Every structure is written in structure tokens, then in C-alpha cells.
Amino acid sequence: MTTPDGRIVLERLGGDPMKIVLERSGGLAAVPALSGDVVVETDELPREMASELEQLVDTVRREPHVENAPSAGAADLRTYRLIIGGEPENDVLAFSDLTLDPALDELVKRLEAIDRGR
């Protein structure tokens, strides 16, 4: 959903389990561990970790976010695409380091930590 001022608000989709995909690209150095996709399915996580992740997702869904495309000359900017949900409908949010608010930052860090722990 888009608010009148152009901010994106993700809508809550019902159903368990939750699948989350974080697509990452760009950045100053092409470090393989910091680029590529992170895919997390909450039914594959310990219950407590899944619950914490779902709470972070709910926080991100409740807050409006500015969605923007990188400007010219922003080759070193990291860009992200967050896909939450399942087929046939997904919530999708595109953002960059410039629009990474605290809730998104925490979710990105948590997803990357889960991915590193595999």
C-alpha cells in the first residue's frame, strides 16, 4: 500500500510459515559474503528465533518506508530487495543504504546473521 506522501507500507499477509528473501547487490567491495540472496523460512528455525524474526517483520510492515532507486553515480551504494510472504502473493520492498531505517537495518542484520550461521 502507498500512503498519500508516497511512502510504502507493507500489508500483513496471513498464514504460517513465513518465507523471507533478502536480495543484496552493489556496495564498495564485491564481497561474496555480503552480496547475493538470503532465504529464510521460519519453519526451519528454532521457535524462539522464528518468533523474534516474525516480530521484526511485523515492525517493518507497520512502519512506512521510502522506496527509491539509486541516483546516478551511486555505484558503491548497496541496494536491497526484501520479499516477504509466499506464493501467489508477496510483500516486496526495495531500498538502499540511503533509505535503510532502524527497523529495516535490524531485520537485514538478523537475516544476515541467520545466513552466516548456516
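The values are calculated or read from the model by the stated rules, or taken from the named source; none is laboratory data. For clarity, every value in this text was computed on a predicted model and none was experimentally measured. Using ideal geometry, Cβ is built from the backbone for each residue, glycine included, and neighbour counts are taken over all protein chains shown. Surface accessibility is based on the protein's heavy atoms, side chains included, excluding ligands, DNA and RNA. Shrake-Rupley method; radii C 1.70, N 1.55, O 1.52, S 1.80 Å.
How would Val57, Val92 line up by accessible area, probe 1.4 Å, largest first?
Descending accessible area places them as Val92, Val57.
Which net charge results for the neighbourhood of Thr79, defined as the other residues with beta-carbon distances under 10 angstrom from its beta-carbon, given Lys and Arg at +1 and Asp and Glu at -1?
Values: positive: Arg24, Arg78, Arg81; negative: Glu23, Asp97.
Around Thr79, the charge tally is +1.
To the nearest 10 square angstrom, what accessible area does Glu89 show with a 1.4 Å probe?
Only protein atoms counted, so the area is about 120 Å².
So how do Arg24, Arg78 rank on accessible area, 1.4 Å probe, biggest first, that is with the largest at the start?
Arg78, Arg24
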